[in-house]
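Participant: I'd like to ask some things about the structure below.
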Amino acid sequence: MWSSNVWVGNELSISGISATDLAKEFGTPAFIMDEADFRARAINWNSALAQGFGENAGSVYYAAKAFICTEVARWINEIGIGIDVCTGGELAVALAGGIDPAKIELHGNNKSLSEIEKAVSVGVATIVIDSLQEIDRVATVATAQGKVQRVLLRLTPGIEAHTHESIATAHEDVKFGFSIASGAAWKAIEEVKNHSSLELRGFHAHIGSQILDTDSFEISAERLIRLLARFRDEFGVELPELDLGGGYGIHYLPGDEELSPSVVMSALVSAVTSNCSLHNLSIPRISIEPGRAIVGPTMLTLYEVGTVKDVTLENGDNRRYISVDGGMSENIRPALYAAEYTAVLANRTSNAAPISTRIVGKHCETGDILIRDIAIASDIAPGDLLATPATGAYGRSMASNYNHVPRPPVIAIKDGKARVIVRRETEADLLGLDI
Ligand code: LLP
């Protein structure tokens, strides 16, 4: 839940810097990122893949959508893993951070022509194709640039992943990829083979996000490998790559489990090796795309408490509302997916009895709830600080300017030093786009 250098004691601190000092220096709300923890997580996933698959280990492609900025792209570059980008904007940040295009994979269910042109011209490793029309688009762009583009086909293996319906992606009724069951995948394979400017390297599947059991990943691998075998039977050659996507769940609440790299990898290795041997296939190059599992636990959000209000409910009970200085603009996940978070008092300890409390933001909506019900010290007052763990994935990256609230900064801490890696927006930024 908390990143490895967070200490929750008398006062919460990260790598020795107290929440109070951080709030004083950088203001609130702020995303506080534990850089060493980020690096360690990225390295762990990479080593687990390398150990699990040995010479058949492909790449860890960090899923930029979870969180990216130029500085984090530089870390990715230093660590030496790859990156998955799904828009021209994410591609631009990856390039600005110095990531070698040969380590970039381009995703997206509706890539624009200019996004495809840019990706082909800088020489991204792979484009993951999502539709029949896109096969033509990528082929045309590659031909025009005199290149042969390596591609994977995104497939939907027909899995109902155990997660929120908005973040499950591999059942039949979705906008992503080509369904294996309906025959769309096979049609796409035949279509790709008609284009000499495309080199089909293999298949990709991403079954969903925040998944906490390994079964669905194993079934997905099994179905992709069955299709690799059909390809070999039909065309007499084996495709060399499989990208098994991301989606590994993390813990948000005390007592939650997370899917560790070693647990994931032992499931993937056993599913891949047993299915390849069943079909007498050599083991392809295996890649994965964790986003949340790398960045999620590395950040916390620091808030200042504003208003504290007690509301009498119809049944006579009391509900305490604590309003913080952020809300659904920097954490939309509770409103969008009923995601649950916890929070702690970060600037002091309290012996006051905990009472049932709702933590809400400052936006003009009843649904602007960060934590629906938490037992927290009854003496929390305006000016106190609250910290919410595990906000690194899809927090800042999905932040909006709703109600013209400037988006918070990201502060990276390493070896006891804090620095801004994404600055806080200002009112000037908000006005800057208006003509
Ligand atoms: N690969 C592809 C093709 C993806 O679409 C995604 C996430 C990932 C990898 C990384 O998944 P992760 O390891 O981070 O679970 N906004 C939602 C999550 C949407 C995920 C979209 N795709 C949330 O806040 O839960």
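The values are calculated or read from the model by the stated rules, or taken from the named source; none is laboratory data. Here the structure is a predicted model, which means the values were calculated and not measured. Note that we place each Cβ from the backbone using ideal geometry, even for glycine, and neighbour counts take in every protein chain shown.
Participant: Would you mind stating whether residue 248 is among the hydroxyl-bearing types (Ser, Thr, Tyr) and either modelled with pLDDT under 95 or closer than 17 Å to residue 161 by Cβ (or both)? Step through it out loud before you land on a result.
Facilitator: Values: among the hydroxyl-bearing types (Ser, Thr, Tyr): yes; either modelled with pLDDT under 95 or closer than 17 Å to residue 161 by Cβ (or both): yes.
Taking the combined requirement at face value, the residue satisfies it.
Participant: Filter the helices (runs of 4 or more DSSP H) completely within segment 34-135 down to those with at least 2 residues that are of a type in the set (S, T, N, Q), away from the ligand (no atom under 16 Å from the Cβ) and over 27 Å from residue 271 (Cβ atoms).
Facilitator: The qualifying helices (runs of 4 or more DSSP H) are 70-79, 113-122.
Participant: If I ask for residues that are crowded, with 19+ Cβ neighbours inside 10 Å and in contact with a Pro (Cβ under 6 Å, 6 or more places away or on another chain), which ones from segment 44-62 would you list? Can you show your working first?
Facilitator: At the first step, the residues of segment 44-62 found to be crowded, with 19+ Cβ neighbours inside 10 Å are 45-46, 48-49, 52-53, 56-62.
Of everything in segment 44-62, those that are crowded, with 19+ Cβ neighbours inside 10 Å and in contact with a Pro (Cβ under 6 Å, 6 or more places away or on another chain) turn out to be 45, 48.
Participant: Same structure again: Residue pairs, Cβ under 6 Å, 6 or more apart or interchain, first in segment 242-270 and within 26 Å of residue 155 (Cβ to Cβ), second more than 10 Å from the ligand (Cβ to nearest atom) and charged (D, E, K, R). List them.
Facilitator: That search, which allows pairs on different chains as well, returns 250/258; 267/218.
Participant: For segment 284-306, name all the residues that are more than 11 Å from the chain's Cα centre (by Cα), among the hydrophobic types (A, V, I, L, M, F, W, C), under 30 Å from residue 201 (Cβ atoms) and crowded, with 24+ Cβ neighbours inside 10 Å.
Facilitator: Hit for segment 284-306 is 288, nothing else.
Participant: Within segment 359-381, is there a residue that is more than 24 Å from residue 312 (Cβ to Cβ) and touching a residue at least 60 places away in the same chain (Cβ under 8 Å)?
Facilitator: no
Participant: Could you check how many residues of segment 322-350 are under 21 Å from the mean Cα position of the chain (by Cα), of a type outside the set (Lys, Arg) and not in a loop (DSSP other than H, G, I, E, B)?
Facilitator: 4
Participant: Among the numbered criteria (1) surrounded by fewer than 20 Cβ atoms within 10 Å (Cβ to Cβ); (2) closer than 19 Å to residue 45 by Cβ, which one does residue 236 miss?
Facilitator: Evaluating residue 236 over (1) surrounded by fewer than 20 Cβ atoms within 10 Å (Cβ to Cβ); (2) closer than 19 Å to residue 45 by Cβ leaves (2) as the failure.
To keep it simple, each residue is scored yes or no on (1) of a type in the set (Asp, Glu); (2) surrounded by fewer than 24 Cβ atoms within 10 Å (Cβ to Cβ); (3) assigned by TED's automatic domain parsing to the domain that holds residue 420.
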| position | (1), (2), (3) |
| --- | --- |
| 64 | no, no, no |
| 95 | no, yes, no |
| 102 | no, yes, no |
| 113 | no, yes, no |
| 117 | yes, yes, no |
| 121 | no, yes, no |
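Participant: Quick test of your reading of the structure: residue 25 fulfils all but one of (1) more than 18 Å from the chain's Cα centre (by Cα); (2) not in a helix (DSSP H, G or I). Name the failing condition by number.
Facilitator: The failed condition is (2).
Participant: Of the residues in segment 311-335, how many are more than 21 Å from residue 30 (Cα to Cα) and either within 16 Å of the ligand (Cβ to nearest atom) or exposed (fewer than 11 other Cβ atoms within 10 Å of the Cβ) (or both)?
Facilitator: 8
Participant: I'd like to know if segment 310-321 contains one or more residues that are in contact with a Ser or Thr (Cβ under 6 Å, 6 or more places away or on another chain), part of a loop (DSSP other than H, G, I, E, B) and not polar (S, T, N, Q).
Facilitator: Within segment 310-321 (the criterion being in contact with a Ser or Thr (Cβ under 6 Å, 6 or more places away or on another chain), part of a loop (DSSP other than H, G, I, E, B) and not polar (S, T, N, Q)), the answer is no, since none of the residues qualifies.
Participant: Taking the options 199, 234, name whichever one is among the acidic types (Asp, Glu) and assigned to a strand (DSSP E or B). If you could, list the steps in order and put the result at the bottom.
Facilitator: Working: 234 fails: assigned to a strand (DSSP E or B).
That would be 199, the only listed residue that is among the acidic types (Asp, Glu) and assigned to a strand (DSSP E or B).
Participant: Another one. Working only within segment 242-271, note down all residues that are within 15 Å of the ligand (Cβ to nearest atom), closer than 28 Å to residue 284 by Cα and not hydrophobic (A, V, I, L, M, F, W, C).
Facilitator: 243, 245, 246, 247, 248, 249, 258, 260, 261 - these are the residues of segment 242-271 that are within 15 Å of the ligand (Cβ to nearest atom), closer than 28 Å to residue 284 by Cα and not hydrophobic (A, V, I, L, M, F, W, C).
Participant: For segment 136-176, what are the residues that are of a type outside the set (Lys, Arg), within 12 Å of the ligand (Cβ to nearest atom), under 21 Å from residue 91 (Cβ atoms) and at pLDDT 95 or above?
Facilitator: 152
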